[in-house]
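Accompanying notes for the structure given below.
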Amino acid sequence: MREIVLINITGADRPGLTAAITGALARCGAGILDIGQAVVHNTLSFGILAEVPAGSELSILQKEVLFVAHGLGQQVRFTAVSEAEYEAWVADQGKPRYIVTLMTRRVTAAQLERVSAITARHGLEIDQIDRLSGRLSLDTPEERSKGCIEFSVRGEPADPAALRAEFLLAAQELNVDIGFQFDTLFRRIRRLAVFDMDSTLIEAEVIDELAKAAGIGEQVAAITERAMRGELDFRASFKERLALLKGLPEDVLAEIGASLRLTEGAEVLFAELKRLGYKTAILSGGFSYFARQVQQKLGIDYVFANELEIVDGKVTGVAVEPIVDGQRKADLLRQLAEQEGLSLEQTIAVGDGANDLPMLGLAGLGVAFRAKPLVRQSARQAISNLGLDGILYLLGYRDRDGIR
């Protein structure tokens, strides 16, 4: 009769351990039904689900493994597994799988407890936990810290909306970002990423900066804020704000362009995306004059933004069609995906305002970045506590995989 045994090995990690243990099993003719290993601070946790073939004795296998493990300074625990238990475990592999990504400056036990409790409450079982962020010195400043823990879970939440609401609440209360996405092949084969510019790729709303130079900063900023929150129609508010800039001297544009700062993590993100073979684009309700400057800094492939009409060295205040609004962004995303021979599942869209929601909803991965509350609640994923390079964690990339 076949026997199945789960072998758990713990102790100090050392070279050759896996070969030595599997060698002991090989001498007994054992089959390997499952295997997993994790190392935390040079301490090993190693599990093997082994099948003892008919005609062999489990006691002999146990002696072989114990002898080898003892010589390597390891502790061993054996647990018998019935065929019924094994078959029930096999049947579980058909359940849906999801990825929960916790992103923060510094990971705490309270954050992990909250996330794992929410998943358990909604009937999801954690299969695997990985640290995606790199190792940090204890003296690393808070603003330079990055922590990311990825949970692989299985099951089907009875109420996905309630699960997401709990994650959003936890994120707000604990100053973390919590991603929740279906675990599919597309997660690692996305190849087109499109971005809003103002308050996403750069740390400013350019139209507000232009308004400050024209002496109407507060008036225009108030309209911008309402438009980004979704309280005003973007096209109408854009035309209203632009009209107020009539007569602004052209030389002001160069001064503002020189003062614009890239958002935290932008350079790292675009270097990685380029290395991974992505095509990238700016889809902006801002102005192409500034978008082309950002394009040059980050090596972006495509730019679609609004033209700032200038006549006789001054801004006319007239909106040039087509205006890049929310629907135009979604249409451009679809157009670029088709042009690159990609499905929409293979695309990423990132933005912060209400006018970004159409493209965030259309993309395979839509990310609300440091966004207004309405946008955070409406988008499927949100990042508010890390820089733009936190998007790489949602794709499953570890810091050690790339240039960071």
remark   = For R144 and R14, extending 7 Å from Cα along the Cα-Cβ vector and measuring point to point gives, in nm, a value of 3.7 nm
inquiry  = Compute the distance from the alpha-carbon center of the stretch 331-379 to that of the stretch 191-227, in whole Å.
reply    = 19 Å
request  = Can you check what the net charge comes to around S145, using other residues whose Cβ is under 11 Å from the Cβ of S145 (Lys, Arg +1; Asp, Glu -1)?
outcome  = +1
task = Classify the chain as rounded, prolate or oblate from the Cα gyration tensor: take a ≥ b ≥ c as the square roots of its eigenvalues, call it rounded if a/c is under 1.5, otherwise prolate when a/b beats b/c and oblate if not.
result = prolate
ask   = Which percentage, to the nearest 5, of the DSSP beta bridges contained in the chain is antiparallel?
value = 70 percent
note = For A349, other-chain or 5+-apart residues with amide H closer than 5 Å (H placed, Pro excluded) are V194, L365, G366, V367
note = Once Lys and Arg are counted +1 and Asp and Glu -1 for all other residues with Cβ under 11 Å from that of L49, the total becomes -3
message = Accessible area per residue for the chain in Å², computed with a 1.4 Å probe and the full protein assembly in place, what is it?
response = 48 Å²
query = Which net charge results when you count Lys and Arg as +1 and Asp and Glu as -1 among the other residues whose beta-carbon is under 12 Å from that of T263?
reply = -4
note = Taking Cα atoms, the helix 58-71 axis meets the longest principal axis of the chain at an angle in degrees (rounded to 10) of 70 degrees
key: Under 5 Å, built H, 5+ apart or other chain: amide partners of L260   = none
query = What full-extension length gain, to one decimal in nm, is calculated for S259 and I216 as 0.36 nm per residue of separation minus the Cα-Cα distance?
reply = 13.6 nm
task = Please work out the FRET efficiency for the pair V81 and A117, using the Cβ-Cβ distance as r and a Förster radius of 45 Å; give the result to the nearest 0.05.
result = 0.95
remark   = Any trypsin sites (Lys or Arg not before Pro) in the stretch 87-169 that lie in a DSSP loop and have at most 16 other Cβ atoms within 10 Å would be R106, R135
remark   = Of the convex hull drawn through the C-alpha atoms of the stretch 113-196, the volume per residue in Å³ is 157 Å³
note = Karplus ³J(HN,Hα) for the stretch 201-215 (6.51 cos²θ - 1.76 cosθ + 1.60, θ = phi - 60°; Hz, whole; x = Gly/Pro) runs 7, 10, 8, 6, 9, 4, 5, 5, 5, 5, 5, 4, 5, 8, x
task = Only helical DSSP H runs with n ≥ 4 go in: add -39500 (n - 2.57) per run for the chain, normalise by residue count and round the 222 nm mean residue ellipticity to 500 deg cm²/dmol.
result = -11000 deg cm²/dmol
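The values are calculated or read from the model by the stated rules, or taken from the named source; none is laboratory data. Quick caveat, the model's predicted, so the values are computed rather than measured. In this analysis, Cβ positions are derived from the backbone assuming ideal geometry, glycine residues included, and neighbour counts consider all displayed protein chains. Keep in mind that these areas ignore ligands, DNA and RNA; they rest on the heavy atoms of the full protein, side chains included. Shrake-Rupley method; radii C 1.70, N 1.55, O 1.52, S 1.80 Å.
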